[in-house]
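Here's the structure we're looking at; comments come further down.
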Amino acid sequence: MALEHAILVSLTERTGSGYELARRFDRSIGYFWPATHQQIYRVLRRMDEAGWVTHTEVAQEGRPDKKVYRISDGGRAELARWIAEPGEVAILRDALGVKLRAASIGGIDAVLREVARHRAEHATRLEVYRGIQAKDFPKPTTLNGRELHQYLVLRGGIRAEESFVAWCDEVTEALQEES
């Protein structure tokens, strides 16, 4: 997937300036497809040139005009094409797993510290996701359409984080028994 597709998805949900899109990425899509503000602005320019988005100049008092982007018919066609195209299955590339494989070289304490650090990060992200779920999707059985789709992506993130936290606990327990 390219950042272009993540931006197109975001623009189908709501128009926005580059700054607004970057803020939305920080709070939603960015959890699953991260991008810097600079990347978003650069890609928006390319998408505008390709005809996938259009923009309207909006005057602001005391600040430069801003461009508010919306998805164009060409962008919708590209998004439909991309959705229909088979995607690559994600492959886990995780340095922690490689470090764990090397723990027998004598670095069990260092690996335990690294596992604890990773667990803490994933537990924090899990709480963020659960907070989003409680705030934005308090009654998931009533969802349909776009809201259901957003909820299901969030649930995938929650399940992945729950799994990683549980795996870290399993690794910690096993390594502590070993040492």
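The values are calculated or read from the model by the stated rules, or taken from the named source; none is laboratory data. Everything numeric in this text was worked out from a predicted model, so none of it was measured. Here Cβ is always computed from backbone atoms with ideal geometry, including for glycine, and neighbour counts include all displayed protein chains. Ligands, DNA and RNA are excluded from the accessible area calculation, which covers all protein heavy atoms including side chains. Shrake-Rupley method; radii C 1.70, N 1.55, O 1.52, S 1.80 Å.
Note on the chain: dipole from Cβ charges, positive end direction compared against Ala95, Gly157, Leu175; the farthest Cα belongs to Gly157.
Over the chain, what is the mean sequence separation of C-alpha contacts under 8 Å (at least six apart), divided by residue count, expressed as relative contact order in percent? 18 percent.
Computed in the context of the full set of protein chains, the accessible area of the chain at 1.4 Å probe radius has 53% of its extent on carbon or sulfur. Phi angles of the stretch 66-82 translate, via the Karplus equation with coefficients 6.51, -1.76, 1.60 and θ = phi - 60°, into HN-Hα couplings of 10, 9, 9, 9, 9, 6, 9, 4, x, x, 5, 5, 5, 5, 4, 4, 5 Hz per residue; Gly and Pro are given as x. Residues whose amide H falls under 5 Å from that of Ser17, counting only those 5 or more places apart or on a different chain, are Tyr69, with hydrogens built in the peptide plane. Over the stretch 17-108, accessible surface divided per residue gives 72 Å², non-protein components excluded, 1.4 Å probe.
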